[in-house]
Amino acid sequence: MDIYNRLGVRPIINARGTHTRLGGTLIRPEVLDAMREAANAYVVLDELQDKASEVIARATGAQAGIVVGGAEAGLLIGTAAILAGTDPAKIAQLPVTDGMANEAIMHRAHRNGYDHGVRAAGARIVDIGYGGSTLPYQLRAAINQRTALVVYLMSPWASHGALSLEKTCEIAHEANVPVLVDAAAMLPPANSLQRFIAEGADLVTFSGGKGLMGPQSSGILAGRADLIRAARLNGNPNHSVGQAAKAAKEDIVGLIVALEHYMQRDHNADTASWRTQAEWMLQRLNDFLQLHVAARYLHDGREHPVPRVELVFGPESGINAHELVVALEEHDPRVFLFEPTGPSAKPNSIAINTQTMQPGEEQIVVEALREVISARLPQKARAVAV
């Protein structure tokens, strides 16, 4: 960590997950090696993207693909591709959409900060459904001559209550409206690479800097060959609304190598390693937290198969979960956990995500929790904990 010490930046223990604000993921060594090698020569980016498209197509089952500058870049360039197609005049006109179909339909339950990428291309988002549910007639009623696309968020925390992707695609395709899927954080599970295309998505975007363990500033946009062709014209190296979301040659090569490695990984071994860490922490924390605190093991095997440990602090514990999270971030070493959100989240709780933890860091996390919690327990409870 000499570079961070020299810059005066303190590294952290990341037990929160593949969050961009914490650096996403750690790039695999073979990916870094490939990026260094790629930096030593010039190439024609279009020719490199041709080869990337072949790898992405094999991995996702899509007709074609492109490496972009992150998953949200995929939303931006994918939306631009649908709005303007391959028409040079329309490509030059974006993000102004006068004279174009420009409405992007989204389930209200799917709205999130990343839909800025959709709006930046020039689309106007039309919400459908209620806060926690959507009915088929609501999607059908929203489709009109101004509809350009449907945007669908795949997330274990946001998709509940919305129409299924299959149903959404079925209704949209009845009106020849394409569906763009944001699956930024849906790796793992590995079958997500092919699942959303198989369920009918016309375009799907993944982050390259999360589960793939590739460059943080990279992403995949995969889908129909005609839309990928349009995406390439609406992105770098062409003068277009998507040029700012470019992927450098090093990013493209790094993403290709990361994707190839991901397809060959033993994902069961990854999950087993995470489970071992989670179970070790759960046992130690249960032995320590005997009063007014519930520790449990969480593992959603389909949507987000990363074992987590959740701590729920009862009112008699005297502990405020948010204050605890802040204290851990200021601890030495710094430990970043997260406060669960969403309809299934327990109030006044914290969670430990093992996906971004390195071997041995489970011991550091437990020790930090013991120190910070002990300092906040009432005197009687503190004696029991010690």
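Name the residue that is surrounded by the fewest Cβ atoms within 10 Å (Cβ to Cβ), counting only residues in region 307-362 that are within 22 Å of Gly23 (Cα to Cα) and touching a Gly at 6+ places or on another chain (Cβ under 8 Å).
Looking at residues that are within 22 Å of Gly23 (Cα to Cα) and touching a Gly at 6+ places or on another chain (Cβ under 8 Å), I get Phe338.
With respect to Val312, determine if the residue is assigned to a helix (DSSP H, G or I) and at pLDDT 85 or above.
So Val312 does not fit the description; no.
Kindly indicate whether any position in region 63-74 is out of contact with any Leu (no Cβ under 8 Å at 6 or more places or on another chain), within 30 Å of Ala278 (Cα to Cα) and either of a type outside the set (Ser, Thr, Tyr) or surrounded by 15 or more Cβ atoms within 10 Å (Cβ to Cβ) (or both).
The answer is yes, given that some residue of region 63-74 is out of contact with any Leu (no Cβ under 8 Å at 6 or more places or on another chain), within 30 Å of Ala278 (Cα to Cα) and either of a type outside the set (Ser, Thr, Tyr) or surrounded by 15 or more Cβ atoms within 10 Å (Cβ to Cβ) (or both).
Return the pair list, or none, for Cβ contacts closer than 7 Å from residues in region 167-185 that are in contact (Cβ under 8 Å) with a residue 60 or more places away in the chain and among the acidic types (Asp, Glu) to residues that are assigned to a helix (DSSP H, G or I) and open to solvent by 10 Å² or more (accessible area, probe 1.4 Å), at least 6 apart or on different chains.
From residues that are in contact (Cβ under 8 Å) with a residue 60 or more places away in the chain and among the acidic types (Asp, Glu), the pairs are Asp182/Ala71; Asp182/Tyr114.
Quick one: what pairs do we get from region 122-144, first residue of a type in the set (Asp, Glu), second surrounded by fewer than 19 Cβ atoms within 10 Å (Cβ to Cβ), C-beta under 7 Å, 6+ apart or different chains?
Asp127/Arg108; Asp127/Arg111
Quick check on Leu187: is it assigned to a loop (DSSP other than H, G, I, E, B), surrounded by 21 or more Cβ atoms within 10 Å (Cβ to Cβ) and under 10 Å from the mean Cα position of the chain (by Cα)?
yes
Please enumerate the residues belonging to region 9-31 that are of a type in the set (D, E, K, R) and loosely packed, with under 15 Cβ neighbours inside 10 Å.
If the condition is that a residue be of a type in the set (D, E, K, R) and loosely packed, with under 15 Cβ neighbours inside 10 Å, then Arg10, Arg21, Glu30 are the ones that fit.
Output the residue which, of all residues in region 141-179 that are touching a Ser or Thr at 6+ places or on another chain (Cβ under 9 Å) and of a type in the set (Ser, Thr, Tyr), is nearest to Ala123 (Cα to Cα).
Tyr152
Out of all the residues in region 136-147, which are open to solvent by 10 Å² or more (accessible area, probe 1.4 Å) and either part of a helix (DSSP H, G or I) or touching a Leu at 6+ places or on another chain (Cβ under 8 Å) (or both)?
Correct list: Pro136, Tyr137, Gln138, Arg140, Ala141, Ala142.
So Gly132 passes all but one of these: (1) of a type outside the set (A, V, I, L, M); (2) closer than 23 Å to Arg195 by Cα; (3) under 26 Å from the mean Cα position of the chain (by Cα). Which condition number does it fail?
(2)
The values are calculated or read from the model by the stated rules, or taken from the named source; none is laboratory data. Remember, predicted model here, so these are calculated numbers, not experimental data. Counting neighbours? That spans all protein chains shown, and the Cβs are built from the backbone with ideal geometry, glycine included. What goes into the accessible areas is simple: the full protein's heavy atoms, side chains included, and nothing from ligands, DNA or RNA. Shrake-Rupley method; radii C 1.70, N 1.55, O 1.52, S 1.80 Å.
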